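In what follows, a single structure is set out as structure tokens and then discussed.
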Amino acid sequence: MTLTLDLEIIGMVVLWTFLFGYIMVASIDFGAGFFHAFSLFSGTNHILANVIQRYLSPVWEVTNVFLVFFFVGVVGFFPKTAYYYGTTLLVPASFAIILLAIRGSYYAFQTYGAKEHKGYAFMYGLSGLLLPASLSIVLTISEGGFVSLVDGSPVLDYWALFTSPLTWSIVLLSIVASLYISAVFLTWYANKAKDYKAAAIMRKYALIWALPLIITAGGIIYELQFHNDVHYQRIFDLWWMFALSFLLFVVTVCLLWIRKNYGLALILLLGQFSLAFYAYGISHYPYLLYPHLTLYDSFTNQAMAISLIVAFLAGFSLLLPSLYLLLRLFLFNKDYVEGNRSS
Amino acid sequence: MENETALQFSRWLTELTLSFHIIYATLGVGVPLMIMIAQWVGIKKNDFHYTLLARRWTRGFVITVAVGVVTGTAIGLQLSLLWPNFMELAGNVIALPLFMETFAFFFEAIFLGIYLYTWDRFENPRKHLLLLVPVAIGSSFSAVFITMVNSFMNAPRGFDIANGELVNVNPLQAMVNPAMPTKVSHVVVTAFMTVAFVLAAIAAFRLLRGSDHVYHKKSLHMTLKIGLIFSIATAVIGDFSGKYLAEYQPEKLAAAEWHFETQELAPLQMYGILDGEEVKYSIKVPFALSMLAHGSPSAEVIGLDQFDEDVTPPLYIHYLFDFMVTIGMLLVLLSLIYWIGTARKWEFVHSSFFRWLIVLGGPLSILAIELGWWLAEVGRQPWILRGILRTSEAATTNQNVDLMLLLFAGLYFILGVGTIVVLARLFRNNPVEQELKDREAEKGGDEY
Ligand code: HDD
Ligand code: HEM
Ligand code: HEM
């Protein structure tokens, strides 16, 4: 395989990286919402609420911007995607928007405005499960076979989509992955906050979700061979990346099992998911939508590409120190994490 | 024409989402500036009331930001979902400011998070105030960038079309188009103005109902002073916007003014009704249209006779324009009277009648924002990209837009009611007097 460093590739790598960032922070958020709601009903709320609230409060808006960045960037770098995906995704994307809207605003209403309310918490937790499911539909559609051109306009075949085992394995993976990622993160975070009771519960959740994670991930690769053989073969060309990812996964679980070094476990988890995510991306190359759209025929013009990249570099150099400040104040600040300093 | 229904519903959904988002967006642009001013005055004068003002505004602001963010996310995606052909074309030319806008959001979101959770973390309150600067810059620049996109739709520049292909794309030229200066400045200034009047309305309402505390009087005084400055700026820049239209989009101006025949010494027709091409019952101000369009009473103003029927915008935008301008003028007057009245110690400006007028000013200024946008957007019809792409050619071919319209209408209803209920509860459960008392107890009463 040869990858030359085209502008197309630079653009895609940037966007893919932001999507990865979104998936990580949003998974933590989605999972945390679920665990929070679950704890209300299982009576462990008093243990978990603090840790979850303290992490989520200052960062939820930032999480959302990662998503906005991704879709605005895609339309900027690959305007044709607006045409193909815009036309076909109306219904699934609208559902995702509505869920995001309810989730985001009710989080704010509840945290800053009203008192704790079981109904809100339940909605919040439920939307945390539905969101990864509805967002992941985009990945399924990109595998091709669900979009056909009718009179030159793309049309989505809902029946094929919802009866495909591939769809459901991707949906399952997305839910399980967000629970797993969130649980590992919160184990680390709670432990850092010296909240050992919460850490113990989260560790248990992380271990519970580890096996389903690997089964669903394997399931997708299995399903893919029936659905998109080209992509399936390319995944096999990259077997070593997936194998490495699996290895990291095993070590993470072992660390959790023996209750050692949760920080390292979290880093390995990031490694595991980034390897799998980039390997998936590379194997998808050059298609943005099988078989209609590739990176190259959807790319914007040279002038726009260059100005977007320049804007990105300028913006990023502003962003990085600010993000660092945010993390330092809230994620890595001992007093804040331990709850000695609040608003 | 099978696409007629999808087009119609796409229009309604776009109108609905934008009209809803713009309320929160306007607050989002203006409130950080007001908080900044109040907190600064509080530090300067060492007056805790202003600091508390900043603090309480911030609490409300968090709620409106949340809804602003989620509705903004909705419109951002809907542009591609509902207008895929437009975004495909626009993405090639005007993606740059859209992309830069996300950095402005990032910046704002990060520092807002920090600001909110660090009220009592700094020894020196100035440091805390400093955190607000990037928030205000971020939100103002998101307005600047998105308005650049919108001005591009009104005056597309920075590319050529050869054989149906886009060539010679120049993203900077597309951003800095002729509509940009007036549009961006009018939008930003009206946001500041609106927020000043909305906050003044809240203060006046508290004075009418509830308490006569100096806290509210200080708030009213400060916001109306700011309101006066920005409402004058609004009118001045609005006048420039008219001159821009006369030069680059004369059909929009002519439709807004019911100006049918090209003529010199053109009069301005306010209100009235239309009977064929005859304007009845209007208030006629001689030469005023020539003044508005070109700054000279004798100048020639292009009328609708110069345009084909099928590129003429709907004529009802006349009312949108007139009501917007009327509101603008009334609010200048209102804040001016207040200002002169307090300087000269007129009792009148502290009467409940006058305070009710101030309360009215809040909703009116928001209404003016909506009217202005409807004027600008409907006045661009039938074009989505003026002169290049028609709205009817840009819409999606997806047939489910009607269902989505219903869903989103439901969503905005819930969000709108939620905002009001939560804001009301937030401030009712924690009245100013109580908070001031708590503070005094804490500080040992060295501030009043
Ligand atoms: C508080 C709100 C407010 C007030 C009091 C005014 N405006 Fe305005 N106006 C807007 C809020 C607004 C806006 C929402 O910001 C618009 C919509 C789109 C835009 O560019 O700005 C707008 C658009 C707009 C346009 C159309 C620009 C275009 O389509 O390119 C013109 C000609 C004016 N305004 C002129 C005025 C004048 C002469 C005013 C006299 C006082 C005035 N406006 C008051
Ligand atoms: C936020 C304030 C805005 C409001 C209230 C608003 C309102 C409207 C309205 C009423 C229409 C329908 C016109 C008609 O079909 O009769 C419209 C159309 C549209 N506007 Fe705006 N608009 C706003 C800002 C923007 C901005 C900043 C953009 C672009 C970045 C934009 C993009 C569009 C598009 C794509 C359409 C659909 C095509 C059309 O009907 O012209 N709008 N908007
Ligand atoms: C087609 C038009 C528009 C689009 C696509 C759009 C897009 C967005 C998006 C995606 C967000 C959420 C960003 C986040 O996650 O933090 C947002 C929020 C915001 N938008 Fe819009 N917007 C539009 C119109 C406008 C207009 C006309 C203004 C200003 C006059 C504006 C000002 C803002 C502000 C200040 C926020 C931040 C939220 C807040 O502070 O309340 N937007 N917008």
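For this structure, a couple of remarks:
- Helices (runs of 4 or more DSSP H) fully within segment B:331-448 that include at least 1 residues being under 24 Å from the mean Cα position of the chain (by Cα) and in contact (Cβ under 8 Å) with a residue 40 or more places away in the chain: B:352-378, B:391-394, B:401-428.
Residue-by-condition table, conditions (1) more than 27 Å from B:Leu33 (Cβ to Cβ); (2) crowded, with 16+ Cβ neighbours inside 10 Å; (3) within 9 Å of ligand 1 (Cβ to nearest atom):
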| residue | (1), (2), (3) |
| --- | --- |
| B:Ile226 | no, yes, no |
| B:Leu245 | yes, yes, yes |
| B:Pro250 | yes, yes, no |
| B:Glu257 | yes, yes, no |
| B:Phe260 | yes, yes, no |
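- Residue within segment B:431-441 that is at pLDDT below 90 and within 14 Å of chain A (Cβ to nearest Cβ) present: no
- Note on segment A:68-80: residues that are more than 7 Å from chain B (Cβ to nearest Cβ) and crowded, with 22+ Cβ neighbours inside 10 Å amount to 3.
- For the criterion of being of a type in the set (S, T, N, Q) and over 22 Å from B:Ala143 (Cβ atoms), B:Ser219 passes.
- Some residue of segment B:14-34 being farther than 18 Å from B:Ser139 by Cβ, out of contact with any Phe, Trp or Tyr (no Cβ under 9 Å at 6 or more places or on another chain) and more than 16 Å from ligand 1 (Cβ to nearest atom): no
One line per residue, one yes/no per condition, for (1) surrounded by fewer than 18 Cβ atoms within 10 Å (Cβ to Cβ); (2) aliphatic (A, V, I, L, M); (3) within 10 Å of ligand 1 (Cβ to nearest atom); (4) under 25 Å from B:Phe152 (Cα atoms):
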position: B:Leu304; (1), (2), (3), (4): no, yes, no, yes
position: B:Glu309; (1), (2), (3), (4): yes, no, no, yes
position: B:Leu315; (1), (2), (3), (4): yes, yes, no, yes
position: B:Leu320; (1), (2), (3), (4): no, yes, yes, yes
position: B:Ile327; (1), (2), (3), (4): no, yes, yes, no
position: B:Leu360; (1), (2), (3), (4): yes, yes, no, no
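- Residues satisfying the stated conditions in segment B:70-100, i.e. away from ligand 1 (no atom under 16 Å from the Cβ) and within 25 Å of A:Leu320 (Cβ to Cβ): B:Gly72, B:Thr73, B:Gly76, B:Ala95, B:Leu96, B:Leu98, B:Phe99, B:Met100
- Test: B:Ile369 is among the hydrophobic types (A, V, I, L, M, F, W, C), within 16 Å of ligand 1 (Cβ to nearest atom), out of contact with any Asp or Glu (no Cβ under 8 Å at 6 or more places or on another chain) and more than 9 Å from every other protein chain (Cβ to nearest Cβ): yes
- Close contacts from segment B:14-30, counting a first residue that is closer than 14 Å to B:Leu415 by Cβ and a second that is of a type in the set (S, T, N, Q) and in a helix (DSSP H, G or I), with Cβ to Cβ under 7 Å and a gap of 6+ residues or different chains, come to B:Thr17/B:Thr71; B:Thr17/B:Gln78; B:Phe20/B:Thr71; B:His21/B:Thr71; B:Tyr24/B:Thr64; B:Tyr24/B:Thr71; B:Leu27/B:Thr64.
Residue by residue, here is whether (1) buried (at least 17 other Cβ atoms within 10 Å of the Cβ); (2) touching a residue at least 12 places away in the same chain (Cβ under 8 Å) holds:
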{"residue": "A:Ile141", "(1), (2)": "yes, yes"}
{"residue": "A:Gly152", "(1), (2)": "no, no"}
{"residue": "A:Ala160", "(1), (2)": "no, yes"}
{"residue": "A:Leu172", "(1), (2)": "yes, yes"}
{"residue": "A:Lys197", "(1), (2)": "no, yes"}
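One line per residue, one yes/no per condition, for (1) within 12 Å of chain A (Cβ to nearest Cβ); (2) touching a residue at least 12 places away in the same chain (Cβ under 8 Å); (3) out of contact with any Gly (no Cβ under 7 Å at 6 or more places or on another chain); (4) assigned to a helix (DSSP H, G or I):
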| residue | (1), (2), (3), (4) |
| --- | --- |
| B:Ala6 | yes, yes, yes, yes |
| B:Ile37 | no, yes, yes, yes |
| B:Gly42 | no, yes, yes, yes |
| B:Ala54 | no, yes, no, yes |
| B:Thr71 | yes, yes, yes, yes |
| B:Glu88 | yes, no, yes, yes |
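- If you go through segment B:164-175 and pick out every residue that is on the phi < 0 side of the Ramachandran plot, surrounded by fewer than 16 Cβ atoms within 10 Å (Cβ to Cβ) and not in a strand (DSSP E or B), you end up with 2.
- Residue pairs whose Cβ atoms lie under 8 Å apart, separated by 6 or more positions or on different chains, with the first residue in segment A:287-298 and within 12 Å of A:Pro154 (Cβ to Cβ) and the second assigned to a strand (DSSP E or B), are A:Leu289/A:Val147; A:His292/A:Val147; A:His292/A:Leu149; A:His292/A:Pro154; A:Leu293/A:Tyr287.
- Take the conditions (1) surrounded by 23 or more Cβ atoms within 10 Å (Cβ to Cβ); (2) in contact (Cβ under 8 Å) with a residue 40 or more places away in the chain; A:Thr111 misses just one of them, which is (1).
- Among the candidates A:Leu308, A:Leu268, the residue that is surrounded by 19 or more Cβ atoms within 10 Å (Cβ to Cβ) and in contact with a Gly (Cβ under 8 Å, 6 or more places away or on another chain) is uniquely A:Leu308.
- For the criterion of being within 27 Å of B:Phe408 (Cα to Cα) and within 16 Å of ligand 1 (Cβ to nearest atom), B:Thr64 fails.
- Residue list for segment B:362-373, filter: crowded, with 21+ Cβ neighbours inside 10 Å, within 9 Å of ligand 2 (Cβ to nearest atom) and among the hydrophobic types (A, V, I, L, M, F, W, C): B:Ile369
- In segment B:124-147, residue nearest to ligand 3 (Cβ to nearest atom) [restricted to those that are under 16 Å from the mean Cα position of the chain (by Cα) and more than 13 Å from every other protein chain (Cβ to nearest Cβ)]: B:Ala143
- Residue check for B:Ala104: touching a helix residue (DSSP H, G or I) at 6+ places or on another chain (Cβ under 6 Å), touching a residue at least 40 places away in the same chain (Cβ under 8 Å), surrounded by fewer than 23 Cβ atoms within 10 Å (Cβ to Cβ) and among the small types (Gly, Ala, Ser): no
- Flag for B:Ala104 being closer than 20 Å to B:Tyr24 by Cβ, of a type in the set (Gly, Ala, Ser), away from ligand 2 (no atom under 15 Å from the Cβ) and in a helix (DSSP H, G or I): no
- Number of positions in segment B:394-426 that are more than 10 Å from chain A (Cβ to nearest Cβ) and not aliphatic (A, V, I, L, M): 3
- Taking the criterion of being among the hydrophobic types (A, V, I, L, M, F, W, C) and either within 11 Å of another protein chain (Cβ to nearest Cβ) or in a helix (DSSP H, G or I) (or both), the residues of segment B:148-163 that qualify are B:Met148, B:Val149, B:Phe152, B:Met153, B:Phe159.
For (1) at pLDDT below 90; (2) surrounded by 23 or more Cβ atoms within 10 Å (Cβ to Cβ), each residue gets a yes or a no:
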site	(1), (2)
B:Met34	no, yes
B:Gly42	yes, no
B:Asp47	yes, no
B:Arg55	yes, no
B:Ala66	yes, yes
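- Number of residues in segment A:81-109 that are more than 7 Å from chain B (Cβ to nearest Cβ) and of a type in the set (Gly, Ala, Ser) equals 1.
The values are calculated or read from the model by the stated rules, or taken from the named source; none is laboratory data. Note that the coordinates shown come from a computational prediction; the quantities given were computed from them, not determined experimentally. Positions of Cβ are generated from backbone atoms using ideal geometry, with glycine treated the same way; all protein chains shown enter the neighbour counts.
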